[in-house]
Amino acid sequence: MVRQAVILTAGLSTRTYPLTVRKPKPLLKLANTPNLMHLLRGLAAAGVQEVVLVVGFERQQVERAIGHRFAGLTVHYAVQEQALGTGHAVLQAAPFLEREAPFAVLNGDDLILPDALAACLSQVPALLVAPHHQPHRFGVVEVVDGFVRAVREKPKEAPPGALVSTGAWTLPHEALQWLQHLPPAEDGEIRLPDITPQLMAHGLHAVVTEDGWVPLTYPWDVLVATHHLLTLWGTERVAQLLPAPAINGFVHPTAEVHGDVFIAPTARVEARSKVIGPAVIGEGSVIGANCDIVRTVIGDRCHIGDGAHLEDCVLMDQVQVGEDAELAWSVLGDRVVIGHGARAFAKLPSGITVRSVVRGQLVDTAMEQLGCIVGDGARIGDGCVLYPGVKVWVDRVVLPRTEVLEDVR
């Protein structure tokens, strides 16, 4: 039985900018809960008793959010001062790991459902693998009779749906010795996947999950992962992760609530508004009159102005949306302000997927609908129009009635 797990949370996560300029990616909220908490609850349900969080960037935020006990787990912290690779990160956790005992290693970035975690932890050594529509972004795994036979790193010719590595492993204790003796790569990094040959020699199990893993590589993946969780709402697969649908807050007698919806006890939905699930409305949030909230997650202490329309959006905490604003398929960071009548278009001509710039490169999002991604503290003026896939960086101010055709940095 695997009693201990190492979760890698130290990275800078520049590909998810602007959402992670000031926040570690594992603390991004999915369905109003930091993803790291989803992982910890899944590990606890699978029988893990101790976790080592390898921290680096903004480590104080992680420590404040999780503490030293969470979901029945004992939590330790190991610091990775320099970004020297995933293998190096695991070695920082070594002092907390039991001698001769196997352990698990996970990326703190990605959503992994509890059933997928439990399946992976049932075998040692093991690698959790999953089909992906863009396998060229990952290590593509060849599986024969349930075992890993080869891993090809980001091959261009891999067909959509090929099995890829999720970065979730169970390892024998000897893996620490293999990492200690592993020569660094040319860039100085020690990478965990570089001990795959030793693991295959010991019989590396390939544990396949069809839909139990959602990678959070880009900022729009917050929408993808949140939608996936909400699609499974009410099933045993996410029972440990999401509260049961419930209307606990105030709903005006003339307002309407349809489908699976969670409204926190201190939230309010005012007159003639409609909330169509799956949807979540967090603590202290207020939905003004005549609003439409459709398949949207609203964080804590948000205020949605009268007549606003939000569809397939994720709002973090303390967001203000002005009257008559219209947003679709958008992610708004903490303390974002959206002006009155502002609009975010999400759809290009039929069949054309939205592209967005990431680290200077134009990336195909593989999404036919994607609105805007707005970083913490940014302010969008009244009457602004934001075009599909644009991003607004933290604390930036967009003047009223501006057409935003490209990223605002």
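Counting only residues that are in contact with a Lys or Arg (Cβ under 9 Å, 6 or more places away or on another chain), in a loop (DSSP other than H, G, I, E, B) and buried (at least 22 other Cβ atoms within 10 Å of the Cβ), the range 14-32 holds 3 of them. With respect to the conditions (1) of a type in the set (Gly, Ala, Ser); (2) within 20 Å of VAL2 (Cα to Cα); (3) free of Cβ contacts under 8 Å to residues at least 40 places away in the same chain, ALA158 lacks only one, and its number is (2).
From the list ASP306, ASP300, pick out the single residue that is buried (at least 19 other Cβ atoms within 10 Å of the Cβ), outside the structural domain of ASN35 (by TED's automatic domain parsing) and part of a loop (DSSP other than H, G, I, E, B). None of the other options fit; the residue is ASP300. Each residue in the range 33-48 was checked for being surrounded by fewer than 24 Cβ atoms within 10 Å (Cβ to Cβ), more than 14 Å from the chain's Cα centre (by Cα) and part of a helix (DSSP H, G or I), and 3 pass. Here ILE293 fits the description: over 21 Å from the mean Cα position of the chain (by Cα), surrounded by 21 or more Cβ atoms within 10 Å (Cβ to Cβ), under 29 Å from THR16 (Cβ atoms) and not assigned by TED's automatic domain parsing to the domain that holds LEU111. Answer yes or no: is there a residue in the range 399-407 that is in contact with a strand residue (DSSP E or B) (Cβ under 8 Å, 6 or more places away or on another chain), assigned to a strand (DSSP E or B) and closer than 17 Å to VAL336 by Cα. Yes, the range 399-407 contains a residue that is in contact with a strand residue (DSSP E or B) (Cβ under 8 Å, 6 or more places away or on another chain), assigned to a strand (DSSP E or B) and closer than 17 Å to VAL336 by Cα.
Within the range 266-282, the set of residues being within 17 Å of MET316 (Cα to Cα) and either free of Cβ contacts under 8 Å to residues at least 12 places away in the same chain or of a type in the set (Gly, Ala, Ser) (or both) comprises ALA267, ALA279, GLY282. No other residue among VAL354, VAL394 is within 29 Å of PRO135 (Cβ to Cβ), surrounded by fewer than 24 Cβ atoms within 10 Å (Cβ to Cβ) and under 24 Å from the mean Cα position of the chain (by Cα) apart from VAL354.
Checking VAL62, VAL105 one by one, the residue that is within 21 Å of PRO172 (Cα to Cα), crowded, with 22+ Cβ neighbours inside 10 Å and under 21 Å from the mean Cα position of the chain (by Cα) is VAL105 and no other. Here the range 1-40 is the region considered, the condition is being in contact with a helix residue (DSSP H, G or I) (Cβ under 7 Å, 6 or more places away or on another chain) and among the basic types (Lys, Arg), and the residue that is farthest from TRP220 (Cα to Cα) is LYS23. Looking across the range 1-13 at every residue that is of a type in the set (S, T, N, Q) and part of a loop (DSSP other than H, G, I, E, B), the one that is modelled with the lowest pLDDT is identified as SER13.
The values are calculated or read from the model by the stated rules, or taken from the named source; none is laboratory data. Given the structure is predicted, the values throughout are model-derived calculations rather than measurements. Cβ atoms come from the backbone with ideal geometry, glycine included; neighbour counts cover every protein chain shown.
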